[in-house]
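The values are calculated or read from the model by the stated rules, or taken from the named source; none is laboratory data. Owing to the predicted nature of the structure, the values given are computational and were not obtained by experimental measurement. So basically every Cβ, Gly included, is an ideal-geometry build from the backbone, and we count neighbours across all protein chains shown. For accessibility, only protein heavy atoms count, side chains too; no ligands or nucleic acids. Shrake-Rupley method; radii C 1.70, N 1.55, O 1.52, S 1.80 Å.
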Amino acid sequence: MALIGFIVNPIAGMGGRVGLKGTDGVLKEALELGAEPVAPQRVEVFLRRLDSIIESRGIEKRIEWLTCSDGMGEDSLRSFASDYWEYEVDCESSAPTTAEDTKNACKILLGKNVSLIVFCGGDGTARDIWQTVGEDVPIIGIPSGVKMHSGVFGMNPEATAEIVAEFISGEMDVAEGEILDLDEEKYRKGEWHIQLFGTAKTPHEPTYVQVSKVQVEAVGEDAIKEEIAESIVEDMEDEPDTLFILGSGSTVGAVSQELGIEFSLLGVDTVVNKELIAKDVNESKLLSLLDQYPKVRLVISPIGAQGFILGRGNLQLSPEVIRRIGIDNITVISPPAKLAQTPVLRVDTGDKELDEMFYERQYLRVVFRYKTMKLVKVGK
Amino acid sequence: MRDPSGFMREEYQDLVEKGFDWKLRVLEGPSAPRCKVDGKDVIMLCSNNYLNMSNHPRLIAAAKKALETHGAGSGSVRPIAGNLDLHFEAERAVAKFKHTESALIYQTGFAANAGLIPQLAGKGDIIISDELNHGSIIDGVRLTKADRAIFPHRNMGELEKVLQDSDKKHNRILIVSDGVFSMDGDIQYMDQIQKLADEYGAMTFVDDAHGEGVIGPDGRGIGAHFGIAGKIDVEMGTFSKAYGVVGGLIAGSQDLVNFALNKSRTWLLSGSHPPQVAAAQIEAIKVLEEEPEHVNNLWDNTKYFKNELISMGYDCGQSETPITPVIVGESHKAKALSERTFELGVFALPIVFPMVARDAARIRTMMNAGLTKDDLNEALAAFEKAGKELEII
Ligand SMILES: Cc1ncc(COP(=O)(O)O)c(C=O)c1O
């Protein structure tokens, strides 16, 4: 039996149809505007697909869903039964449901030692869950929200079913997925900015390496990140006195770990000759460092589900900073499993002309293994 | 106290649990079109002995004679005291057969890739590989300090983009690819790669392990197949497959051979082939030049077998060569088909996820020139019976 937590945010996505930027805190307004629930249909598509994958693949493992009462999971599991699973209601929900219900449910599920939490919702739900479970249990979302920038969602409910099926048959690796959400403070001031909050664990297709002609070996995400980091460190050795600006996220973080220096997961750090110069720098510090160091390299990795390399989670890397660095001096790094899910790299620097300069390139080099790169499209 | 070697058992156990350990099958007697595997008489559809050359009386006689004239071993590495007249003779035969200026023979194809590739590019250079290249190429590439780039399988548009991108950033550019890809049996567009390479000033290296003795006029390989023999910088191949012996080869210019033999560590630091191997290599090439029926039979058999499978309703993919995948979908189906056909007397291995996509699990069959029409009909009947029982066709 695979013990899996199952949490549905029944109001997720309701704001979207009526033009709101989310549903959190504005449910009443959404209802008044005529919003209807979307989560139940999404969950049904997910369950149907999961049932048919388990059947066609002949997967032997059965699922025990641990879920919440009523609209937070129970209703869906009751209305779509399957030979391949059972469910148990362990957590209560209030009416209407709140973020607190989600957080309480996560605490209970952690206590029950679930191996995975499947949820249905958007960035807000992902963040609520992550706040409680952190990196203790992998999470995977059935997309149903208004915003889905976090790297913990399947592309659609069917894709989430595929991931869950592979997870229970033991074919999945676990890797980091970024939790991104709207910066509410900025939003209240009228600015639209997606902020990086941290990293959760999420199931990932492993990277396979050929061992022989009819055999491959799965290589863990951490080993791959280390390989990529080694290449960047070798570049640092080859390029003395160059200012290396290291972007946010755990892939770039591995470079600092390889160097044995401190780093900021959510911020931007700077390194010269393999030594930390300044940690978690802001835009003006970056500009002054750029005055000081004529040679520069920016190392970044796609953040979240949609392949954004700039404009999500890293405001310090302002249009002016990027222009001063120059597109040719940007090195994009990404583990292959993540790259496979983000076939297009995106930029949203806040400066249309600068974004165009990226699009004109059509392709950027992405280092995805030790010294190994491929060209990946940049697009809208 | 640490357990100095406990990891061996642990890692092995882990493979066993995942079902990834090799369960070695034993061939009792020669690798022949019909042979005995684990005590069972089977039709062999998974050896690389495409031309059944390993059983050719002329090769056996040549090997025996060399044993008598030259002894059982070569006595040394080639650069010191292990360079026999037979080694040079075999190399001259390869160059003549492949229409190149010169050739060099390594102990194995693996030794050729792992020994030469790291010498062709280093710091500041770039090696560009097809994403499906063979593991021995990948290992060769791993030994260099060069940057590496990967292009999607047989995608010339993407290869050109990588060349454009690399043009200004690197000194030497080396494009490496398999000639015939052993999983799908498809052929690399080597003519187009050569054209792009000429345009961008790149070197080309093709691993023709599954093309030697199989494609091109008289089985002369991929250079001859595309009419570009002598243009590819390095045509690498092996004697372990269609030639029916063992040994790696590279064919190209005299400059290439001078460079390769002075630089390849696998060649310099490992004992040379024993005389009987060199003599069998020479004889294999002579047979190919003098007896075209082997290559012809291989292709006749391939066409018959493939067409019959397709008319039964099997999906045989994009294969253009004697490697015919029988694609059946989910992994468990491919495994069941392989087990059932083995019971029915056919030996062919399943290839399943993650070697191939989840919905493209298959049995990979490799044709042999020595199989008769009756043998093929028997194998086909097994595929038909098993396929129907398992509701695949
Ligand atoms: C494409 C390819 N290259 C190289 C080799 C290695 O050749 P050898 O068996 O001579 O070491 C093989 C198979 O063994 C192969 O399939």
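Could you grab the relative contact order for segment B:1-58? Cα pairs under 8 Å, six or more apart, rounded to a whole percent. Intermediate values should be presented prior to the final figure.
Details: 38 pairs, mean separation 11.6, N = 58.
RCO, segment B:1-58: 20 percent.
Of all lysines in the structure, those lying under 17 Å Cα to Cα from B:Lys18, and not within fewer than 8 positions of it along the same chain, are A:Lys61, B:Lys335.
Applying a 4.7 Å cutoff between beta carbons, the unpaired cysteines of chain A are A:Cys106, A:Cys120. Here is the list for segment B:327-393: GluC sites (Glu not before Pro) lying in DSSP coil, each with at most 13 other C-beta atoms within 10 angstrom of its C-beta, are B:Glu391. Taking Cα centre as origin and charging only the Cβ of basic (Lys, Arg, +1) and acidic (Asp, Glu, -1) residues, the dipole magnitude of segment B:58-290 rounds to 680 debye. So what does log10 I(q)/I(0) come out to for segment A:162-285 at q = 0.15, 0.22 Å⁻¹, using the Debye formula with one equal point on every Cα and no solvent? After summing over all Cα pairs, the log10 values are -0.86, -1.20.
When only the Cβ of Lys, Arg, Asp and Glu is charged (+1, +1, -1, -1), the dipole of segment B:130-202 relative to its Cα centre reaches about 400 debye.
Averaging over all projection directions, the Cα-based convex hull of segment A:221-377 occupies 7.9 nm² in the image plane.
Here's the list of aspartates and glutamates a cross-link from B:Lys231 could span, going by alpha-carbon distance under 13 Å and ignoring same-chain residues fewer than 8 apart: B:Glu101, B:Asp191, B:Asp198.
Taken one residue at a time, the phi angles of segment B:303-312 give Karplus couplings (6.51, -1.76, 1.60, θ = phi - 60°) of 5, 4, 4, 5, 4, 5, 4, 5, 6, 6 Hz. Gly and Pro are set to x. Across the cross-link table entries B:Lys98/B:Lys306; B:Lys23/B:Lys333; B:Lys98/B:Lys286; A:Lys103/A:Lys189; B:Lys36/B:Lys65, which are compared at the Cα atoms, the separations over 24 Å belong to B:Lys98/B:Lys306; A:Lys103/A:Lys189; B:Lys36/B:Lys65. In sequence order, segment B:108-122 has phi-based couplings of 8, x, 4, 5, 5, 5, 6, x, 8, 3, x, 8, 7, 8, x Hz under the Karplus curve 6.51 cos²θ - 1.76 cosθ + 1.60, θ = phi - 60°, and Gly or Pro positions carry x. Normalised Debye scattering of chain B at q = 0.07, 0.09, 0.11, 0.14 Å⁻¹ gives log10 I(q)/I(0) of -0.34, -0.57, -0.86, -1.31, counting only Cα atoms as equal scatterers and leaving out solvent.
Straight-line reach from A:Lys371: which lysines fall under 22 Å, measuring Cα to Cα and dropping same-chain residues less than 8 apart? Output for A:Lys371: A:Lys225, A:Lys274, A:Lys295, A:Lys338, B:Lys123, B:Lys145, B:Lys161, B:Lys168, B:Lys169.
Counting only protein heavy atoms and a 1.4 Å probe, tell me what percentage of segment B:58-290's accessible area is made up of carbon and sulfur.
Numbers: 4490 of 8570 Å².
Answer for segment B:58-290 is 52 percent, counting heavy atoms of protein chains only.
From helices alone, chain A scores -10500 deg cm²/dmol at 222 nm; the rule is -39500 (n - 2.57) for each run of n ≥ 4 DSSP H residues, then divide by the residue total. The H on the amide N of A:Thr207, modeled in the peptide plane, is under 5 Å from the matching H of A:Val219, each at least 5 residues off or on a different chain.
First obtain the Kirkwood hydrodynamic radius of chain A from its Cα pairs, then insert it into the Stokes-Einstein equation at 4 °C and 1.567 mPa s, and state the resulting D in µm² per second as a whole number. Display every interim value, and only then the final one.
Values: Rh = 21.8 Å.
Translational diffusion coefficient: 59 µm²/s.
Provide the net charge surrounding B:Gly313, with neighbours chosen by a C-beta distance below 15 Å and charges set as Lys +1, Arg +1, Asp -1, Glu -1. All intermediate terms of the calculation are to be shown ahead of the outcome.
Numbers: positive: B:Lys306, B:Lys333, B:Arg362, B:Lys385, B:Lys388; negative: B:Glu308, B:Asp315, B:Glu384, B:Glu389, B:Glu391.
Result for the neighbourhood of B:Gly313: 0.
Run through segment A:200-307 and list the GluC sites (Glu not before Pro) located in a DSSP loop whose Cβ has at most 13 other Cβ atoms within 10 Å. Walk me through the intermediate numbers first.
Working: sites: A:Glu217, A:Glu221, A:Glu226, A:Glu227, A:Glu230, A:Glu234, A:Glu237, A:Glu258, A:Glu262, A:Glu275, A:Glu283; in loops: A:Glu262.
Filter output for segment A:200-307: A:Glu262.
Using R₀ = 25 Å, calculate the FRET efficiency as 1/(1 + (r/R₀)^6) where r is the Cβ-Cβ separation of A:Asp351 and A:Glu262; round to 0.05. Numbers along the way, then the final one.
Values: r = 31 Å, r/R0 = 1.24.
Using R0 = 25 Å, I get an efficiency of 0.20.
A Cα-only calculation for segment B:58-290 places Rg and Dmax at 17.3, 57 Å. Computed from backbone phi with θ = phi - 60° and the Karplus coefficients 6.51, -1.76 and 1.60, the 3J(HN,Hα) list for segment B:354-361 is x, 5, 10, 4, 3, 9, 10, 4 Hz; x is used for glycine and proline. For segment A:147-197, the set of chymotrypsin sites (Phe, Trp or Tyr not before Pro) satisfying both a DSSP loop assignment and a count of at most 14 other C-beta atoms within 10 Å is given as A:Trp192.
The ellipsoid that matches the Cα gyration tensor of the protein assembly as shown has semi-axes, each √(5λ) in whole angstrom, of 53, 35, 21, with the longest given first.
For B:Ala149, the residues whose modelled amide H falls within less than 5 Å of its own, excluding neighbours fewer than 5 places apart on the same chain, are A:Met373, B:Ile127, B:Ile128, B:Ser129.
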